[in-house]
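The values are calculated or read from the model by the stated rules, or taken from the named source; none is laboratory data. Since the structure is predicted, the reported quantities are computational estimates derived from the model, not experimental observations. Cβ placement follows ideal geometry from the backbone for every residue including glycine, while neighbour counts extend to all protein chains displayed. SASA here: full protein model, heavy atoms, side chains in, ligands and nucleic acids out. Shrake-Rupley method; radii C 1.70, N 1.55, O 1.52, S 1.80 Å.
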Amino acid sequence: MAPLDSQLDLQQREVVIIGAGPSGAIAGALLKRQGHDVLILERQRFPRFSIGESLLSHCLDFVEEAGMLEAVQAAGFQTKHGAAFGWGERYTEFDFRDKFTEGHGSTYQVQRADFDKLLADQAELQGVEIRYEEEIIAADFSSPRPRLHARRNDGSEYHIEAAFVLDASGYGRVLPRLLDLEAPSNFPVRRAVFTHIEDRIDDPQFDRNKILITTHPELRDVWYWTIPFSNGRCSLGVVASAERYEGRPEDLDACLKEFVQEAPNLRRILKNAQWDTPARLIGGYSANVKSLHGPGFALLGNAAEFLDPVFSSGVTIAMRSSSMAAAVLHRQLSGEQVDWETEFAVPLKRGVDTFRTYVEGWYDCSFQDVIYYEHAQPEIRRMISSILAGYAWDEKNPYVAESRRRLRVLAELCRGDR
């Protein structure tokens with residue numbers, strides 16, 4: 001690793017966090033509440049658009065831990081009680097208030113520009129310093145105190161030395177890129193085309209307190225999200241592999257509308273919708289890394305790994321990683337000996353792997369067969385509801401502790417009973 005330019009100004013901080021999104025804001029607030037000096041560097045200016053609007057219930061446990069719950073509750077976001085699933089004429093729903101694991105039941109569906117700014121503002125109110133429109137362009141972790149090379153929006157540059165660095169840069173994946181930590185994901189490359197619309201939904205079956213996940217009536221690896229907001233708008237998107245886009249319009253708006261017309265429930269629900277925002281495309285979003293930590297740093301949330309958007313697990317994993325990392329780092333900065341692998345990486349991966357089981361099961365249809373099964377036992381539904389609510393680390397839940405075996409057996413039972 002080449003040494004950084006020694007002619008630049010050098011600043012000294014205790015903890016530097018890269019990125020002011022949910023994982024960065026939560027980690028910053030938690031560490032500040034423990035008495036640590038925290039600086040967050042954010043490349044963009046908030047508010048800024050971000051996809052991933054449907055929160056899971058487990059998120060609020062970390063929002064509450066960071067002292068931000070009251071502000072989130074007062075913000076007027078759309079309440080979310082669960083998840084609904086539609087496939088052709090089939091419809092089923094899971095209520096997160098009726099689940100196996102203790103914890104928050106209700107949560108929110110949010111426009112991320114507003115939500116992320118709210119969390120960042122709350123972190124600042126607690127004393128965390130955030131510098132916007134500053135990016136990290138180089139990093140040196142060869143010394144006991146890591147050194148970052150930062151560039152301001154005006155082009156000026158400086159160095160920061162810190163006791164520790166947390167990378168919460170999300171899709172920017174700053175340290176994985178700079179430190180050659182990126183690793184290929186084992187998920188196939190998929191693309192999402194999405195937009196925000198004025199939905200004008202008047203269908204009595206549609207529940208604004210739930211995210212609606214729709215399975216394509218014929219192509220079961222293609223699915224849609226419909227996430228209602230409190231202002232009469234919703235986020236709408238379709239996820240499919242590259243070959244499913246072949247032969248479809250290159251224009252993203254036309255492409256998304258064509259997909260929607262192929263789903264009977266969405267065609268009905270969105271018949272009055274006003275399509276007033278150009279569609280966007282994101283592809284190849286699944287990512288992985290060689291390690292979640294190293295001397296002087298740890299990776300949080302999407303900066304480390306992103307699975308798939310189907311169960312809205314991204315923000316939950318990000319916040320969970322922030323809480324876990326902040327606890328380990330506080331002990332380290334207090335002079336204790338810590339083991340980042342056994343105290344952070346391994347337990348974090350347990351929950352991520354649980355989500356992975358059900359994401360893979362969604363695409364191979366085994367979990368879809370469970371979701372759409374009409375005669376499920378109530379207690380099993382409550383266990384599945386807990387996972388859908390984000391409680392993928394609860395080892396007391398058999399469908400967490402033995403996720404692969406339990407899902408395989410349950411899917412076989414559901415298929416055999418059709």
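What to note about this one:
- Those strands (runs of 3 or more DSSP E) lying entirely in the range 80-161 with at least 3 residues more than 19 Å from the chain's Cα centre (by Cα): 82-87, 90-95, 129-132, 134-140, 147-152
- Taken over the range 174-200, the residue count meeting the criterion of being open to solvent by 20 Å² or more (accessible area, probe 1.4 Å), in a loop (DSSP other than H, G, I, E, B) and either within 24 Å of Q332 (Cβ to Cβ) or at pLDDT 95 or above (or both) is 3.
Yes or no, residue by residue, for (1) open to solvent by less than 30 Å² (accessible area, probe 1.4 Å); (2) without any contact (Cβ under 8 Å) to a residue 60 or more places away in the chain; (3) outside any helix (DSSP H, G or I):
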{"site": "E341", "(1), (2), (3)": "no, yes, no"}
{"site": "A345", "(1), (2), (3)": "yes, yes, no"}
{"site": "Y358", "(1), (2), (3)": "yes, yes, no"}
{"site": "F367", "(1), (2), (3)": "yes, yes, no"}
{"site": "S386", "(1), (2), (3)": "yes, no, no"}
{"site": "G390", "(1), (2), (3)": "yes, no, yes"}
{"site": "R404", "(1), (2), (3)": "no, yes, no"}
{"site": "V409", "(1), (2), (3)": "no, yes, no"}
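- The range 286-297, subset open to solvent by 20 Å² or more (accessible area, probe 1.4 Å) and under 23 Å from the mean Cα position of the chain (by Cα), residue nearest to A254 (Cα to Cα): S286
- Members of the range 6-28 that are in a loop (DSSP other than H, G, I, E, B), buried (at least 24 other Cβ atoms within 10 Å of the Cβ) and of a type in the set (A, V, I, L, M): A20
- Qualifying residue in the range 215-233 (condition: within 20 Å of Q78 (Cα to Cα), surrounded by 15 or more Cβ atoms within 10 Å (Cβ to Cβ) and small (G, A, S)): yes
- Checked against (1) in a helix (DSSP H, G or I); (2) open to solvent by 20 Å² or more (accessible area, probe 1.4 Å), E374 meets all criteria but (1).
- Top-ranked residue in the range 267-284 [being open to solvent by less than 20 Å² (accessible area, probe 1.4 Å) and out of contact with any strand residue (DSSP E or B) (no Cβ under 6 Å at 6 or more places or on another chain); ranked as nearest to P204 (Cα to Cα)]: I269
- Residue ID - modelled with the lowest pLDDT, chosen from residues in the range 277-297 that are closer than 15 Å to V193 by Cα and of a type outside the set (S, T, N, Q): Y285
- Tally of residues being of a type in the set (K, R) and open to solvent by less than 50 Å² (accessible area, probe 1.4 Å) across the range 234-264: 1
- Lone unmet requirement of (1) farther than 27 Å from V38 by Cβ; (2) open to solvent by 30 Å² or more (accessible area, probe 1.4 Å); (3) touching a strand residue (DSSP E or B) at 6+ places or on another chain (Cβ under 8 Å) for S312: (2)
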